[in-house]
Structure formats: C-alpha cells, structure tokens
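See below for the structure under consideration.
The values are calculated or read from the model by the stated rules, or taken from the named source; none is laboratory data. In this text the structure is predicted, and so the values were computed from the model without any measurement. Here the Cβ positions follow ideal geometry from the backbone for every residue, glycine too, while neighbour counts run over all protein chains shown.
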C-alpha cells in the first residue's frame with residue numbers, strides 16, 4: 001500500500017466486508033433482482049413488438065419511449081431521492097415498474113396489443129426508472145462499510161444479470177410465451193421492492209426544507225459544477241458516448257456477425273461479460289492512490305472493442321479483446337462510482353449522480369442514430385476505426401486535466417451500518433464530508 005492510500009483510507013483489512021452488513025445484503029439482493037429484470041426486458045420487448053406485427057421500426061419506437069423519460073426525468077429523480085430518501089423512491093419505482101409489466105402481460109394474453117399501448121407502458125416504466133436510478137449511488141455509502149468493494153460486487157452482479165437475463169427471457173418466451181416473461185420481470189421488480197422495504201429504518205441522509213424543485217435542482221447543479229474533476233469527466237464522457245459508445249454496439253455487432261457468424265458474435269459478447277466480471281473482481285482487490293487515473297488507464301483497453309471488428313481480427317484474438325474491453329470498462333466503473341460516492345456529500349449525492357447519469361447517457365442515442373448514415377457514407381470499418389481513435393484521445397485528455405489526474409481516494413467509511421431489522425434504535429452511519 002502506498003503512503004497516499006494509508007492517509008486517504010484505511011486498508012482493506014480494517015474495513016469489514018460488505019457481506020458483513022445486513023443492509024448491504026438486502027440492497028445487493030434488491031439491486032440484483034432489478035438488474036435481472038432489466039436484462040430480460042429488451043428481449044421480451046423485442047419479441048412482443050415483433051410478435052404483434054409492428055416490425056423493427058416498432059421496436060425502435062418502443063425503445064425510444066422507454067429511454068426518453070429516463071433522460072428527461074432523471075434530474076427530478078435525484079431531487080426527489082434527496083428529499084424523500086432514496087429507499088422510498090426506489091421502492092415506489094419498483095412497484096410502478098411491476099405494475100407496468102403486469103398490465104403489459106395482461107394485454108398480451110387478452111387482446112391484440114397495439115404499439116401505442118406498449119409505448120405508453122414503456123414510457124411509464126422509463127419514468128419509474130428515472131426515479132429509481134439516482135438513489136442507487138447514494139444508497140451504497142449508507143449500506144456498506146467498504147464502498148469500493150460494494151461497487152465491485154454490484155458491477156459483478158450487473159455483468160451476471162446482463163449474461164443471464166437475455167437467455168432467461170429467451171427460454172421463457174420459447175416455452176411460456178412472451179406474456180410469461182413479463183410476469184417474471186414483474187416478479188423481479190416486486191422482489192426488489194420487498195427487499196428494500198426493511199431499509200426504511202436506516203438513518204439515511206434526508207434534505208429538509210420546503211424549497212421548490214427548481215431551487216433543489218440549482219443546488220445540485222452548483223455542487224456538480226463546483227468540482228472540476230466531476231464535470232470534466234462528464235464532458236469527456238459525453239464525447240465518448242457520441243463517438244464511441246454510440247456507434248460501437250450497432251456497427252460492431254453487424255461486422256462481428258458478418259465476420260464470425262451469429263454464434264461467434266454470441267461468444268464474443270459473452271467474453272465481454274466475462275471480462276466485466278473479471279474487472280469487478282479486480283476492483284475488489286486493487287486500491288490505487290489515484291482511482292480515476294487507474295480507471296482511465298484500464299479504459300484504454302476498451303479502444304479494442306471497436307478496433308477488432310474494424311480490422312477483421314481472428315475469432316480468438318477478438319474473443320481476447322472482448323475480455324480486455326469488458327475488464328477495463330468494469331474497473332473504470334468501480335473507480336468512478338467509488339470516487340463520486342466518497343467525495344460528494346450524501347445530502348446532495350442523488351442530485352449530483354443524476355447530473356452524472358444525464359450527461360453520460362444523453363449523447364449515446366444520438367451516436368447510435370448517426371451510426372447508420374455514417375457507415376453508409378464512410379463504411380462501418382472506418383467509422384469504428386475513428387471510434388477507437390477517439391476513445392484513446394478522450395482518455396488522454398481526461399488524464400491531462402490536473403483536477404482529474406490529481407484526485408485521490410475519498411475519506412474512508414469505518415462504521416458498519418446497523419441491521420435495519422434489529423428491534424433497537426439504529427444509529428446513523430458516518431456521513432462523508434465534501
């Protein structure tokens with residue numbers, strides 16, 4: 001361990017494992033359940049829309065109906081999470097998503113479902129997701145004694161859900177019709193809400209006062225813009241989303257399927273998932289003195305993701321690049337989430353995280369929309385080569401910013417959160433200073 005590590009945060013041997021915290025066990029179960037539902041949703045939605053005869057265009061409209069409310073409302077979700085506590089908002093959001101899935105399952109069984117009905121229900125589910133997501137970040141410091149390990153475990157759960165969810169949905173659609181898959185998705189959201197309910201007894205940080213929503217939004221914005229390392233990363237990440245994340249998935253999938261077949265592409269996607277799990281495991285063990293520097297260096301591996309299909313590398317080599325790209329992306333995610341959660345006051349963390357989410361994802365749909373015309377004009381391989389180059393440039397710019405490069409580890413969190421099911425009065429966790 002370096003001197004910086006010793007001064008910034010106690011060593012891992014002095015911090016209890018997240019599994020020692022009953023609140024984290026509950027939160028991890030809830031988060032894993034909702035992630036599994038999210039992983040199943042895209043396969044189930046695509047099957048439902050196509051099965052109803054609305055075609056590929058209908059799938060696009062349904063996805064847009066789901067994603068648009070997330071982008072538009074996530075900032076308000078952050079405000080409400082700080083006002084009414086993240087746990088309350090997450091439970092309400094899970095119940096809302098459960099009801100939307102149950103209604104959609106009923107429509108698929110009893111009527112000839114129309115596209116506008118699917119779009120309305122997906123928009124409702126997307127709005128609930130916008131209320132759910134900001135609370136995820138602000139709950140972690142309050143349920144886990146070791147924030148970094150907790151984020152690593154959540155990243156592994158996310159990777160497992162991404163691997164298992166689509167396959168499970170496919171099996172349910174094949175053997176129990178698409179309505180059955182929506183019933184399981186609804187049950188997963190319901191389980192998430194049920195497991196989150198006991199966490200109401202945590203002494204969570206809650207913002208008091210009767211300030212209007214716009215004032216609370218402005219407070220969150222001031223907290224966001226006052227930290228140059230924070231908004232600097234998000235600015236770079238918006239460019240990254242537009243030119244790298246946006247075109248990499250659709251164009252990369254098309255080229256990899258053409259080069260290695262559908263089965264080969266499936267194995268490559270699985271390799272990416274395996275790399276994500278590996279990156280999460282790495283995030284549990286490695287505690288760099290400069291987390292954002294270490295995470296950005298790991299993200300250089302992600303430049304291989306668009307590069308492999310662009311250059312037509314062999315199946316074995318492409319499989320290896322998938323592992324490296326997934327590992328780098330997951331390790332960066334752990335370092336970033338831990339940095340945000342340990343440097344931002346808990347009272348405004350949900351709002352600041354909402355600005356993070358909004359800035360990070362806003363450019364991705366535009367990048368995907370432009371991927372098709374760009375590939376027709378220049379060729380998919382050249383577009384992906386450009387994406388790989390932009391990936392390297394963006395990360396180099398990030399590392400060149402002194403505020404990002406110099407950010408150390410945040411203050412440690414030494415106390416173990418209390419068991420919210422215990423009958424005695426529960427003391428509150430130590431709050432992280434700004």
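Worth pointing out:
- Matching residues, region 179-196, being crowded, with 24+ Cβ neighbours inside 10 Å and under 21 Å from the mean Cα position of the chain (by Cα): 185, 188, 189, 192, 196
- Selection within region 38-93: residues that are at positive phi and without any contact (Cβ under 8 Å) to a residue 12 or more places away in the chain. The member of this set that is surrounded by the fewest Cβ atoms within 10 Å (Cβ to Cβ) is 53.
- Residue check, residue 142 modelled with pLDDT under 90 and at positive phi: no
- Test result for residue 298, part of a helix (DSSP H, G or I), touching a helix residue (DSSP H, G or I) at 6+ places or on another chain (Cβ under 8 Å) and surrounded by fewer than 21 Cβ atoms within 10 Å (Cβ to Cβ): no
- Between 289, 269, 238, the distinction of being assigned to a loop (DSSP other than H, G, I, E, B) and either in the same structural domain as residue 387 (by TED's automatic domain parsing) or surrounded by fewer than 22 Cβ atoms within 10 Å (Cβ to Cβ) (or both) belongs to 289 only.
- Meets criteria (within 26 Å of residue 160 (Cα to Cα) and modelled with pLDDT of 90 or more) for residue 101: yes
- Flag for residue 322 being outside the structural domain of residue 141 (by TED's automatic domain parsing) and at negative phi: yes
- Of all residues making up region 190-215, the number that are at pLDDT below 70 and either under 24 Å from residue 141 (Cα atoms) or touching a helix residue (DSSP H, G or I) at 6+ places or on another chain (Cβ under 6 Å) (or both): 9
- Residue check for residue 283: without any contact (Cβ under 8 Å) to a residue 40 or more places away in the chain, part of a helix (DSSP H, G or I) and more than 18 Å from residue 397 (Cβ to Cβ): no
- Which listed residue is in contact with a helix residue (DSSP H, G or I) (Cβ under 6 Å, 6 or more places away or on another chain) and at pLDDT below 90, from 428, 410: 410
- Residue check, residue 251 assigned to a helix (DSSP H, G or I), farther than 27 Å from residue 359 by Cβ and touching a helix residue (DSSP H, G or I) at 6+ places or on another chain (Cβ under 7 Å): no
- Search result, residues across region 101-150 that are farther than 18 Å from residue 61 by Cβ, assigned to a helix (DSSP H, G or I) and either over 23 Å from the mean Cα position of the chain (by Cα) or not assigned by TED's automatic domain parsing to the domain that holds residue 39 (or both): 102, 103, 105, 106, 109, 110
- Counting the residues of region 20-37 that are at pLDDT 85 or above and surrounded by fewer than 18 Cβ atoms within 10 Å (Cβ to Cβ) gives 2.
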